[in-house]
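Note sheet for the following structure.
The values are calculated or read from the model by the stated rules, or taken from the named source; none is laboratory data. In this text, all values refer to a predicted model and were calculated from it rather than measured experimentally. Positions of Cβ are backbone-derived with ideal geometry, glycine not excepted, and every protein chain shown enters the neighbour counts.
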Amino acid sequence: MIRKMQNADLNTVADIWLDTNISAHNFISKQYWNENFEIVKEMLLQAEVYVYEDKNEIQAFIGLSDNYVAGIFVCSDAQSSGIGKQLLDFVKSIKKQLTLSVYQKNTQAIKFYQREKFTIQSEKIDEETGEKEYMMVCGE
């Protein structure tokens, strides 16, 4: 089931964010993610966040800021099971166009987004990490 995040979900969602970023971005220091953990918790409360819940357990979430997908995060034991696609399909049903940034070295995510009809529009350097990112767009 997909539903809007509630304040009571914050710690679980933030933990998924941290674990997923550390495992998906091994080219960025673990310290970077840990240092941003509390800031991200604050930002999650401001963002439009939808969680995927199964058997009363949050397994994934997608975060949005207007039409910008801040990220899709799926627990490691639930990855590659279609949950990320379900979350993305859900937000595609409520937004006409979506944009996102993805690290160039995160090839698995790039392939996923391309399968889901996102195209690379531009590239830039993330000033905080020094890593190259692609800006991708889907929709009108």
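Just to be sure, is Glu53 surrounded by 15 or more Cβ atoms within 10 Å (Cβ to Cβ), in contact with a strand residue (DSSP E or B) (Cβ under 9 Å, 6 or more places away or on another chain) and over 28 Å from Glu131 (Cα atoms)? For Glu53, the condition - surrounded by 15 or more Cβ atoms within 10 Å (Cβ to Cβ), in contact with a strand residue (DSSP E or B) (Cβ under 9 Å, 6 or more places away or on another chain) and over 28 Å from Glu131 (Cα atoms) - is met. Applying the set (1) over 18 Å from Asn11 (Cβ atoms); (2) among the charged types (D, E, K, R); (3) surrounded by fewer than 13 Cβ atoms within 10 Å (Cβ to Cβ) to Glu48 leaves exactly one unmet item: (3). Figure legend. Inter-residue proximity from segment 107-121: first residues polar (S, T, N, Q), second residues assigned to a loop (DSSP other than H, G, I, E, B), beta-carbon distance below 6 Å, spacing 6+ or different chains. No pairs are indicated. Scan segment 1-23 and report the pairs whose first residue is within 14 Å of Asn36 (Cα to Cα) and whose second residue is of a type in the set (Asp, Glu), with Cβ atoms within less than 9 Å and a gap of 6+ or a chain change. Correct list of pairs: Ala14/Glu38. Residue count for segment 12-29, restricted to those that are over 17 Å from Gln79 (Cβ atoms) and surrounded by 13 or more Cβ atoms within 10 Å (Cβ to Cβ): 2. Reported count of residues in segment 12-27, each being over 25 Å from Asp54 (Cβ atoms) and either small (Gly, Ala, Ser) or in contact with a strand residue (DSSP E or B) (Cβ under 8 Å, 6 or more places away or on another chain) (or both), is 2. Across segment 122-133, not a single residue is classified as crowded, with 17+ Cβ neighbours inside 10 Å and farther than 17 Å from Asn26 by Cβ.
Taken over segment 93-103, residues that are buried (at least 16 other Cβ atoms within 10 Å of the Cβ) and either more than 13 Å from the chain's Cα centre (by Cα) or assigned to a loop (DSSP other than H, G, I, E, B) (or both) amount to 1. Does segment 71-80 include one or more residues that are within 15 Å of Asp15 (Cβ to Cβ), loosely packed, with under 12 Cβ neighbours inside 10 Å and modelled with pLDDT of 90 or more? No - not one qualifying residue is present in segment 71-80.
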